[in-house]
Amino acid sequence: MIAKKQSTHIESALSEKRVFKPSKTFSAVANISSLEQYEKMYKASIADPQKFFAKQAEELHWFKKWKKVMSWKAPFAEWFVGGKINASYNCLDRHLDSARRNKAAIIFEGEFGDERTLTYQQLHREVCKAANMLISLGATSGDRIAIYMGMTPELVVAVLACARIGATHSVIFGGFSAEAIRDRVNDAEAKIIITADGTFRRGSVIELKKNVDNALLGTGCPTVEKVIVLKRTGTEVMMSSGRDHWWQELMSEASATNECVALDSEHPLFILYTSGTTGKPKGIVHSTGGYLLGAYLTTKYIFDMKDEDIFWCTADVGWVTGHSYVIYGPLSNGATIMMYEGAPNFPDFGRFWDIIERRKISIFYTAPTAIRAFIRAGDEFPKRHDLSSLRLLGTVGEPINPEAWMWYQKIIGGGKCPITDTWWQTETGAIMIASIPGAIATKPGSATLPFFGIQPEVVNKEGVKVKANEGGFLLIKKPWPWMLRGIYKDPERFKMQYFTEFPNIYFTGDGARQDKDGYFWIMGRVDDVINVSGHRIGTMEVESALVSFSSVAEAAVVGRPDEIKGSALVAFVTLKSGSIGSEEVKSQLREHVAKEIGSFAKPDDIHFSDALPKTRSGKIMRRLLRELASTGNVKGDTTTLEDFSVLEKLRQTEEE
Ligand code: WT7
């Protein structure tokens, strides 16, 4: 199952010698102010995780205290068993009897320049109304509700309204196609979809409702009873009578008083679909109590969150980063979040820097792929702006190359901001390995040390810990409160996917090495998942999409290193006899993938070939294709190839 993947990142990382100590000014006022303090807390968290997390969990509001901190029936974990909690209450209600009541919860800017600020009290009011709106449409605790919206405050309102009534939300990224919506909505058996007429991106409108209509066509989604449509762009949409309702109309009728439902700590807060190595996307299920604790604690300590901070995580709420660091983490800490609807390069590459300057953003969290795009766009964009409000920078989603790290530190951070490189996954729920900025010295390209209660280990195929600086597979040895609780409706797949390669120990799917200081260096995926611009894409999904095109017989998709995107997608395609590969077919195939999954999954390169290289047992030789895709050169043992000429032909097309 495990295929070793080459990594260019690791070569530069191995020779990386620079170390940046936390600055005295930062540490002096930090939530964790020294390495000693981090080590003391870390040791306590490992020696007795239940005691440690029970103490931390007291910082959240519980309607009823838990009976048991943890139960572990491998691979199924439960945390704060018997406790009653509500995530919406923790993000809103509990801030209302302090000065936070009138503090901004959300500062929003739309792509075309409209702006809005919602205080905690105002956000609470909106969420209460939305909760009542959902109840009026028949939603209740235990239902699933799909959310397919742009990055406007109503998306946060929708998420927290679901959490408030105990409906499990499943946010679908606005870049997904109708087909992808259908798969996810059907798997989750969602009763309601909350969407918008559209959202603005790069100066045009993405017609969200139209995609939902196509997903529901001829009732492609039989469980869906109601669709709520936010009027955002004014785009003309079709409203199906009885099924579709305008957000604004329902909200104007809804009462602003709503009592939170006290939910079991283990109540499923959300399902989020993510790509795996096989089959359809997996519905990753997260709990309420344990997940919220993770989002809360990591925000407090890794982002050193203070009441005065204005925090901007640029991720879309359609991905887990947006769940944990646009919504649950910062709001449970009572912080102010920045929310921006559109693209980073619209109208030009200065957009983010302009927002940081005007809004006095103090903590900024983005992806290496964005940083690399900014580097390419040129320093003149950030240099036109005063970025001195920044005090901390974060990165997430893929390994950051040391050059990009240095640029981020110097040009965006003005040389004074610490950088926290945060490693985690949809499955882990919240950050797992990252520097705590007032305590841990950083090395460009390393995610540094584990967060409290997290025990990562780098092992070989046999599960034996490897030596310092040796590469291996990254495992998490013990259960943690914010770990996934399962794959929706598929416990067998959950076991197989994460706890079988190394029995009853969570396997991340990533390769890593640990240096002699104990620092972790993530090498990237070792399975058939590819990280393209921080978007996680399963090669299988793109292959199925390609094969569903009428003239395609067979397809194999691999990654190749790309300067900006981290990895690019390369497809090798065999057409059915009688069909001829041409530029036109290539563009049809790209469009087809966009239709089946979403534009972000379109292959960057497509190569046609008569057949694909296979082992005698019929397995596609992906390693060969990967090498070919990245170097145009195939080395290594090819004697098990069924047909040598295939490789020759592939090589020729590459050379053309
Ligand atoms: C995969 C998870 C959860 C954040 C968004 C992505 C890669 C994530 C880092 C990092 C190196 C990273 C891993 C991981 N990844 N953060 N700081 N350094 N690699 O979530 O879509 O579930 O993807 O992203 O390969 O397995 P995701």
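Read-outs throughout are calculated quantities, based only on the coordinates presented, and are distinct from any laboratory measurement. This structure is a prediction, so every number in the text was calculated from the model and none was measured. Cβ: placed from backbone, ideal geometry, glycine included. Neighbour counts: every protein chain shown.
Points to keep in mind about this one:
- Helices in the chain, meaning DSSP H runs of at least 4 residues, each add -39500 (n - 2.57). Divided by all residues, the mean residue ellipticity at 222 nm is -8500 deg cm²/dmol.
- Whether the range 28-127 is rounded, prolate or oblate, judged on the alpha carbon gyration tensor where a/c under 1.5 counts as rounded: prolate
- Shape annotation for the chain: C-alpha extents along the principal axes are 74, 63, 56 Å, from largest to smallest.
- Formal net charge of residues neighbouring H61 (Cβ-Cβ distance under 13 Å; K, R +1; D, E -1): 0
- For the range 192-288, the Kirkwood estimate of hydrodynamic radius, built from reciprocal distances between every pair of different alpha carbons, is 16.1 Å.
- Spacing of the modelled spin labels on K489 and K619, each 7 Å from Cα toward Cβ, amounts to 3.1 nm.
- Each principal axis of the Cα atoms in the range 79-235 has its own extent, and those three values, largest first, are 49, 44, 28 angstrom.
- Label-point gap, in nm, between E308 and I46 - each point 7 angstrom along Cα→Cβ: 3.5
- Gain in span if fully extended, S23 to D610, counting 0.36 nm per residue against the direct Cα distance: 205.4 nm
- In nm, spacing of pseudo-spin labels at S550 and E470 (7 Å Cα→C-beta vector): 5.6
- Hull volume per residue, based on the alpha-carbon atoms of the range 569-622 and their convex hull, is 96 Å³.
- Prolate/oblate/rounded label for the range 457-594 (Cα gyration tensor, a/c 1.5): prolate
- Cα radius of gyration and Dmax for the range 363-448 (Å): 12.6, 39
- Cβ crowding within 10 Å ranks C128, C162 as C128, C162, fewest other Cβ atoms first.
- The range 191-248, Cα convex hull volume normalised per residue, Å³: 75
- Calculation over all alpha carbon pairs of the range 297-410 in 10 angstrom steps from 0 returns a P(r) of 14, 49, 34, 4 percent.
- Using C-alpha pairs below 8 Å separated by at least 6 residues, the relative contact order for the chain is 14 percent.
- Ranking of V570, V212 by neighbouring Cβ atoms within 10 Å, starting from the fewest: V570, V212.
- In the range 252-326, the ratio of gyration radius to Kirkwood radius, Rg to Rh, stands at 1.05 when only Cα atoms are counted.
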